[in-house]
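Asks: One structure is given below, represented as C-alpha cells, and several questions about it will come after.
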Amino acid sequence: MIRSLAVVAVLAFAAPAFAQTDNRLTLTFETGAETGAILIALYDAEAAYEGGQPARVAQVDVAAGQREAVFDLPAGAYGFKAFHDVNGNGKMDTNPFGMPTEPFAFSNNAVGNMGPAKWDRARFEVSGATAQTIRIRIR
C-alpha cells in the first residue's frame, strides 16, 4: 500500500515534466503576388538572427494558395526573416547595388535601416499554452 502511494506521488509530481511544452505559432502572410513561395527563417537568438543558422525554416507555396506557416516552439524569444520568391528561383533577387527586388518582411513588421531589421525590433515572445497568430505584410 505504501509502495503504491509512493508511486502515485512520484507520478503526480513528474506529470508536469511530461506535459506539452511547445506553443503553436502561426504566421499568416499578406502578399501582393500570387506566384512563387515565401521562404521563412526563424531564429531563437540574437546571434543567430544577426548572421547564424536559423532554428527553423519553412516554405509557404503561394502559387498553390497557401498563406500560413505553423511552428510548434518552446517558450522563448524569436525573430524571423522572410522573403517572397516571386519568380521561384530559390533566392532573393537584388539589383546591381544589392538592394532586394523581391518583397520581404521581418517579424513585428519591423523595418530595417540600410539593411535588415535588427533583433531588438524584430524580437517577439512565444509563451503560454494558447496558440499565437502573427499577420505579416510582405512588401
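No value in this document is a laboratory result; all are computed from the given coordinates. Just so it is clear, the structure is predicted and the values come from calculations on it, not from any experiment. No Cβ is skipped: glycine too gets one built from the backbone with ideal geometry, and neighbour counts run over all protein chains shown.
Asks: Over all directions, what mean area does the Cα convex hull of segment 22-137 project, stated in square nanometres?
Replies: 7.1
Asks: Next question, about the same structure. Ranked by Cβ crowding within 10 angstrom, fewest neighbours first, how are 114, 99 ordered?
Replies: 114, 99
Asks: Spelling out what I want: for every residue of segment 38-51, take phi, set θ = phi - 60°, compute 6.51 cos²θ - 1.76 cosθ + 1.60 (Karplus), and round to whole Hz; glycine and proline get x.
Replies: 9, 9, 10, 10, 9, 10, 10, 7, 4, 4, 5, 4, 7, x
Asks: OK, next. If you put +1 on each Lys and Arg Cβ and -1 on each Asp and Glu Cβ, how big is the dipole of segment 22-137 around its Cα centre, in Debye rounded to 20?
Replies: Details: 10 positive and 14 negative charges, 37 e Å.
I would put it at about 180 debye.
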